[in-house]
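The values are calculated or read from the model by the stated rules, or taken from the named source; none is laboratory data. Quick caveat, the model's predicted, so the values are computed rather than measured. Note that each Cβ is placed from the backbone with ideal geometry, even for glycine, and that neighbours are counted across all protein chains shown.
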């Protein structure tokens, strides 16, 4: 097993050659002479206080808009990833403040209705722009351009997070390779990353979050499926049998009294810490890597592709598509304020929310009276239809499941 603190010499700290790049910000943020936090601790707080983070509590993890309070949502998944990342990072001696900041922000750009919502927006983006929509890049977009906080003068400004946190966010997804993860050496322009899983993270801390993301959902999704009766205890007995009959060497010695979230997280964390080293990289043992793939395969067959989810997937597509089509249909490049005044009579919730979005992020209000509190970057030009369509897509991506349902019902309520 790796010795406690074995990675401490290569953690991101002032004597690391990557340090200066890791703490770079696009624009400076205000300083306090009495501040006791590190750069990465400030990033953690800035993400924690953002509205996009708050909305994660009403966004799908696996099961859409569930009325059962005990079913996991996206915010619980994020908190699990943060907890797992913190445990591993602390044991290995990495910069835990950086690790948990990445973990807290890694899914901040997830669409409503989980990966189904992401897929629907992906089809729309492909049709409109010939490009894909993927939540890792959207998460970077949100922390770079969308989310704002008030400064001491009550001006709304962009988060301006450090390079290391932004890098960990956009590079967090993708498969975990059995040959281990070692961070890349070059500091690329993150906004130029054009497809998911193209790069490994720039830091060891980012690699930890990438692998913690996989550990965190294995058992929790199974528990939710049992609660909602997509799985039965007989399915877990079958999974145990599959594990024991697999070709995984040492499967008989893998300690599973039960298959639940606590045991899975504990065993995978311990195996990761046991198998990883600065020379080898961040990795599982061969047995545990194969075990992870086996459990994930079981979950895809029995949970994620379960027939009961098909109706929810169709429902999510219906909602997102209709909200998108309505907002595009009212586009009048030189008359949007008048259009909003008229449409607000019929669809006040949706129109108020979208007009506020454009006022904050676009050049819609030329005399700047409405935007007087906002000092964030302008990212949309209303006179450009493609820019307007992008505003619609990103506006929808920020919705919670509940808000998307609410405005859809408003659209169909005559």
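Elements of the type helices (runs of 4 or more DSSP H) sitting completely within the stretch 254-363 and holding at least 1 residues that are in the same structural domain as residue 226 (by TED's automatic domain parsing) and modelled with pLDDT of 95 or more: these cover 261-275. Among the numbered conditions (1) loosely packed, with under 15 Cβ neighbours inside 10 Å; (2) free of Cβ contacts under 8 Å to residues at least 60 places away in the same chain; (3) part of a loop (DSSP other than H, G, I, E, B), the only one that residue 30 does not meet is (2).
Mind checking which residues of the stretch 35-50 are under 21 Å from residue 155 (Cα atoms) and exposed (fewer than 11 other Cβ atoms within 10 Å of the Cβ)? Answer for the stretch 35-50, where residues must be under 21 Å from residue 155 (Cα atoms) and exposed (fewer than 11 other Cβ atoms within 10 Å of the Cβ): just 35. When restricted to residues that are under 26 Å from residue 288 (Cβ atoms) and not in a helix (DSSP H, G or I), the stretch 163-197 contains 16.
When residue 46 is tested against (1) under 29 Å from residue 264 (Cβ atoms); (2) outside any loop (DSSP other than H, G, I, E, B), just one condition goes unmet, and that condition is (1). Answer with yes or no whether residue 131 is outside the structural domain of residue 280 (by TED's automatic domain parsing), surrounded by fewer than 24 Cβ atoms within 10 Å (Cβ to Cβ) and more than 16 Å from the chain's Cα centre (by Cα). So residue 131 passes the test. Evaluated against (1) in a loop (DSSP other than H, G, I, E, B); (2) over 22 Å from the mean Cα position of the chain (by Cα); (3) within 24 Å of residue 136 (Cα to Cα), residue 13 falls short on exactly one condition, (3). Looking at (1) buried (at least 24 other Cβ atoms within 10 Å of the Cβ); (2) in contact with a helix residue (DSSP H, G or I) (Cβ under 6 Å, 6 or more places away or on another chain); (3) more than 24 Å from residue 200 (Cβ to Cβ), which is the only condition residue 114 fails? If we test residue 114 against (1) buried (at least 24 other Cβ atoms within 10 Å of the Cβ); (2) in contact with a helix residue (DSSP H, G or I) (Cβ under 6 Å, 6 or more places away or on another chain); (3) more than 24 Å from residue 200 (Cβ to Cβ), just (2) comes out false.
Between a first residue in the stretch 341-364 that is farther than 17 Å from residue 376 by Cβ and a second residue that is in a loop (DSSP other than H, G, I, E, B), which pairs have beta carbons less than 7 Å apart while being 6 or more apart in sequence or on different chains? That search, which allows pairs on different chains as well, returns 343/330; 351/344; 352/344. Within the stretch 232-247, the residues that satisfy the criterion of being part of a helix (DSSP H, G or I), more than 32 Å from the chain's Cα centre (by Cα) and more than 16 Å from residue 303 (Cα to Cα) are 241, 244, 245.
All conditions but one from (1) surrounded by 21 or more Cβ atoms within 10 Å (Cβ to Cβ); (2) assigned to a helix (DSSP H, G or I) apply to residue 62; the one that does not is (2).
Scanning for something assigned to a loop (DSSP other than H, G, I, E, B), in contact (Cβ under 8 Å) with a residue 60 or more places away in the chain and either surrounded by 21 or more Cβ atoms within 10 Å (Cβ to Cβ) or out of contact with any helix residue (DSSP H, G or I) (no Cβ under 7 Å at 6 or more places or on another chain) (or both), does the stretch 73-89 turn up at least one residue? No, the stretch 73-89 contains no residue that is assigned to a loop (DSSP other than H, G, I, E, B), in contact (Cβ under 8 Å) with a residue 60 or more places away in the chain and either surrounded by 21 or more Cβ atoms within 10 Å (Cβ to Cβ) or out of contact with any helix residue (DSSP H, G or I) (no Cβ under 7 Å at 6 or more places or on another chain) (or both).
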